[in-house]
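Data first, discussion second: the structure below is written as structure tokens.
The values are calculated or read from the model by the stated rules, or taken from the named source; none is laboratory data. Owing to the predicted nature of the structure, the values given are computational and were not obtained by experimental measurement. Here the Cβ is made from the backbone with ideal geometry for all residues, glycine too, and neighbour counts use every protein chain on show. We work out accessible area using only protein heavy atoms, side chains counted, and drop any ligands, DNA or RNA first. Shrake-Rupley method; radii C 1.70, N 1.55, O 1.52, S 1.80 Å.
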Amino acid sequence: MKQPKLIGISRRSFLGTATAGAATLAMPGILRAQTELRYLNHETDPRTVAFLRTLAADYEKEAGVRVRIETEPDPWVKLTTSIKAGKPYDFMSLPSITDPVLLAKSDAIVPVTDIVKEQGIEDFGPRSLSQFKDDIWGYPYDYNSVCLYYRSDWLSEKGLRVPTDWDSFIAVLQTLHDPDNRRYGYTQTLATGGDSSWANTGFLWSNDVRFYDEKWDVILDTPDIKKRTAEALAFIKKTADFSPPGLMSAKLKEVIANFVSGTAAVAPYAGRLMSNIQDNAPELADKFVLGPYVRPKGGQGVVTGGVDVFAIGKTDKVEEAKKLLRWMIKNDKITDFQLTLPLHYQPVQFSSYQNKRWSSNPLVEKYKDKLAVMRSFLDEKETKIDGIQYQGPNYSPNQGRLYNSDLISSMYQNVVAGKMSPEEAVDLGAAKIRELTDKV
Amino acid sequence: MSETVQQTSAARAHNSRISGLEPAAAEAAPPASRRASGGGSVLHRDRRFFILLLLPGVVVSVATIFLPVLYAIGLSFYQANSFIDTPVFVGLDNYVRVLSDPGYWHAFFNGLIYAVATVVLQVVVGIAIALILHQPFRGRTIVRGLALTPYILPTVVAVFIWKWLLDPNYGLINAAAAFFGYPNIDWLGSPLLAWSSIIFVSVWHWTPFVTITFLAALQTVPEELYEAAKLDGAGPLQQLFFVTLPVLRPVLLVIILLRTIFMFNKFDIIWLMTSGGPLNATEHLPLLAYNKTFMEFDIGGGTAIATTSFIFLTAGMYVYLKLFPLEDRE
């Protein structure tokens with residue numbers, strides 16, 4: 001039967017064209033209907049960023065959920081303003097163990113207690129979980145423990161051993177310090193800002209310096225702690241005599257440059273320095289050793305922690321974001337993530353060190369002696385993990401304020417520049433802590 | 001005496017021209033009131049057209065400048081740990097707190113010294129370079145282009161170039177100094193050297209702005225003024241001080257005003273070079289406001305500092321424009 005024509009077009013053609021048109025018009029809506037997770041990432045190394053893109057593509061293929069990744073090295077401002085603007089992130093990585101607690105207090109993230117418990121709380125290393133109100137708010141993936149790097153070949157040349165206390169530490173610096181040949185004993189950060197708060201506080205903790213008591217009262221200038229802090233500051237002043245020029249403005253990148261270029265014999269840093277040695281001076285691979293900060297009279301070592309975590313935003317996609325984290329754990333994607341920079345990311349879970357995929361990685365094998373030392377930092381009998389974020393009775397904005405402020409750098413700079421005695425610098429520090437502490 | 005009067009009136013007449021107030025043109029144009037009485041609808045139409053042209057700019061300014069400024073001023077009356085914290089109204093407490101902090105006044109005077117030093121140097125060096133580039137010589141166009149290079153570079157690039165050049169261990173400047181037997185200098189290691197380095201880099205980066213603005217203005221100075229001055233026996237310096245600078249006074253005033261506002265609020269160069277160190281010696285108000293707001297989670301304190309800085313700058317601009325009006329007072 002012949003089809004009647006509508007304005008010269010057959011009914012079939014008309015219906016076909018109309019359907020195609022409607023589908024085209026509806027396409028944005030259909031695309032919008034696909035679930036999309038917004039992931040704020042703070043790890044900026046191109047290898048990690050490339051991996052995350054692959055991870056997003058794999059997850060979309062498997063779960064039909066799109067993951068949009070945005071990378072921002074210092075995510076705090078972007079994170080809080082996005083929440084304020086009504087566009088919070090569903091998934092995020094955070095550079096501090098205190099960040100999730102601050103977000104939890106503002107009801108901006110959800111706990112991941114269930115996911116951590118599925119793995120077993122005992123599988124996580126000491127002081128790695130962001131606990132607040134009986135819940136855990138971040139899934140840790142990198143310890144970032146700051147320890148000490150020593151040039152083992154230079155130690156051997158002079159018949160020295162890795163120091164075990166403050167006196168032997170100074171003796172090592174003194175022996176290896178040769179400024180006429182542009183070789184210096186100890187490179188460290190003293191610049192204003194967070195670099196000094198994280199990567200140059202080990203000697204404070206090694207002398208058991210505390211900032212607060214259990215009621216948030218400042219105890220830095222109480223007789224015992226003041227004495228300990230002043231001793232640590234005087235010791236740092238001594239180490240400064242063996243530092244390369246530019247100490248007052250030295251940040252982490254100067255520490256990396258000085259150690260990797262063979263300008264300094266000893267340097268404090270976390271796994272990133274090892275990663276940098278592999279990238280830029282692989283010939284040093286067997287010419288350095290690691291060790292924790294040493295105590296004044298020896299004993300249990302100390303490292304400064306700087307745990308990085310994943311967290312889930314309190315959005316209307318909480319369950320989808322949790323599914324993504326579970327999928328990453330189940331499919332060993334967190335190991336893959338860590339293996340993008342195996343020397344940089346220091347696994348937090350004990351099981352990671354048993355993971356074949358991790359331990360058989362060529363770089364992990366190449367540096368296995370050093371990584372075994374890092375693994376030993378998780379043993380509380382051998383090493384204490386400390387840091388500004390562990391000061392006080394619980395996690396709060398106070399630690400974040402102290403960490404970001406010039407508290408540490410101003411105490412160090414005043415003592416090293418000879419503007420203040422260590423005791424005066426302690427008083428200055430205590431006043432600063434009081435100014436920045438909110439007990440509420 | 002009569003020479004000076006002549007020069008001044010010539011310069012003033014020129015000023016009127018470059019300000020768009022040419023006397024002859026002003027006389028020829030019918031006053032607004034006459035036009036209005038001759039045709040109210042024309043005036044009405046003109047006003048509507050004027051508002052229409054102005055509207056997009058006003059809307060954008062309100063949305064991107066005035067509202068955020070008002071919001072920030074509002075925040076300065078609250079205590080909050082972050083933008084997502086529940087703010088608590090504290091009235092003027094934040095202002096009392098920051099203004100009674102000696103660190104605030106230390107930062108204020110640091111900023112003032114930085115702004116004055118960099119603006120004076122930029123203006124003096126910028127004008128000197130502009131005068132040189134105004135002279136005819138072979139390759140002048142290329143040299144003019146090259147003189148702009150520091151200004152074209154993004155600030156972060158300019159700062160990192162200089163940070164590497166000034167690096168005490170690996171920098172080219174210390175390497176050259178060592179070659180001639182000079183000791184290693186930590187250019188950012190002491191308050192005086194850190195300030196000197198910051199001021200040097202700021203002047204290096206921003207002087208081309210003064211140069212290019214002044215050079216453009218120089219093109220507008222009529223040649224006959226110089227010829228008359230030469231006939232009267234004026235040398236190059238007299239020509240500069242009695243012809244060029246008086247004629248270009250409005251341009252110069254605007255340059256100084258703009259540069260002072262920019263430099264007083266300049267954040268990036270100091271942040272990238274020293275972050276306020278060593279010993280807080282290079283901390284100024286923008287840096288202090290940033291540190292309070294984003295580093296010490298003190299949103300109220302930080303915005304109170306920013307607000308007072310805004311008030312001081314506005315008051316400074318008002319006094320400046322009263323003392324040095326952009327148009328001549330007859």
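Just a few scattered comments:
- Residues located in region B:283-330, provided they are part of a loop (DSSP other than H, G, I, E, B) and touching a Pro at 6+ places or on another chain (Cβ under 8 Å): B:PHE297, B:LEU326, B:GLU327
- Single condition B:LEU188 does not satisfy, out of (1) within 14 Å of chain A (Cβ to nearest Cβ); (2) touching a His at 6+ places or on another chain (Cβ under 8 Å): (2)
- Screening B:ALA217 with (1) open to solvent by less than 40 Å² (accessible area, probe 1.4 Å); (2) free of Cβ contacts under 8 Å to residues at least 24 places away in the same chain; (3) not hydroxyl-bearing (Ser, Thr, Tyr) gives one miss only, at (2).
- Among the candidates A:ASP107, A:ASP135, residue that is in contact (Cβ under 8 Å) with a residue 12 or more places away in the chain, open to solvent by 40 Å² or more (accessible area, probe 1.4 Å) and within 13 Å of another protein chain (Cβ to nearest Cβ): A:ASP107
- Selection from region A:400-421 of residues that are in a loop (DSSP other than H, G, I, E, B) and facing chain B (nearest Cβ under 9 Å): A:SER405, A:ASP406, A:ALA417, A:LYS419
- Test: A:LYS2 is surrounded by fewer than 10 Cβ atoms within 10 Å (Cβ to Cβ) and at pLDDT below 70: yes
- Criterion: out of contact with any Pro (no Cβ under 7 Å at 6 or more places or on another chain), surrounded by fewer than 21 Cβ atoms within 10 Å (Cβ to Cβ) and without any contact (Cβ under 8 Å) to a residue 12 or more places away in the chain - qualifying residue of A:LYS356, A:LYS322, A:LYS333: A:LYS356
- Apart from one condition, A:VAL255 fits all of (1) under 26 Å from A:ASN394 (Cα atoms); (2) assigned to a helix (DSSP H, G or I); (3) in contact with a strand residue (DSSP E or B) (Cβ under 9 Å, 6 or more places away or on another chain); the exception is (1).
- Taking region A:54-106 as the range and being closer than 17 Å to B:PHE294 by Cβ and in a loop (DSSP other than H, G, I, E, B) as the test, the residues that pass are A:GLU72, A:PRO73, A:ASP74, A:PRO75, A:ALA85, A:PRO95, A:SER96, A:THR98, A:SER106.
- Restricting A:LEU204, A:LEU160, A:LEU233, A:LEU190 to those that are outside any helix (DSSP H, G or I), within 27 Å of A:THR437 (Cα to Cα) and of a type in the set (A, V, I, L, M, F, W, C) reduces the list to A:LEU190.
- Flag for A:ILE385 being more than 10 Å from chain B (Cβ to nearest Cβ) and in contact with a strand residue (DSSP E or B) (Cβ under 8 Å, 6 or more places away or on another chain): yes
- Among (1) surrounded by fewer than 24 Cβ atoms within 10 Å (Cβ to Cβ); (2) within 26 Å of A:PRO347 (Cβ to Cβ); (3) away from every other protein chain (no Cβ under 14 Å); (4) aliphatic (A, V, I, L, M), the one test that A:VAL260 misses: (3)
- Residue that is nearest to the other protein chains (Cβ to nearest Cβ), among those in region B:153-185 that are under 16 Å from A:LYS253 (Cβ atoms) and open to solvent by less than 40 Å² (accessible area, probe 1.4 Å): B:PRO168
Yes/no matrix, rows are residues, columns are (1) assigned to a helix (DSSP H, G or I); (2) among the polar types (S, T, N, Q); (3) open to solvent by 20 Å² or more (accessible area, probe 1.4 Å); (4) in the same structural domain as B:VAL124 (by TED's automatic domain parsing):
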| position | (1), (2), (3), (4) |
| --- | --- |
| B:ILE199 | yes, no, yes, yes |
| B:ALA229 | yes, no, no, yes |
| B:GLY233 | no, no, yes, yes |
| B:GLN238 | yes, yes, yes, yes |
| B:PHE241 | yes, no, yes, yes |
| B:LEU257 | yes, no, yes, yes |
| B:ILE261 | yes, no, yes, yes |
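- Among the candidates A:VAL209, A:VAL162, A:VAL218, A:VAL146, residue that is open to solvent by 10 Å² or more (accessible area, probe 1.4 Å) and closer than 15 Å to A:ILE388 by Cβ: A:VAL218
- Selection of region B:122-175 for residues being under 23 Å from the mean Cα position of the chain (by Cα) and charged (D, E, K, R) yields only B:ARG144.
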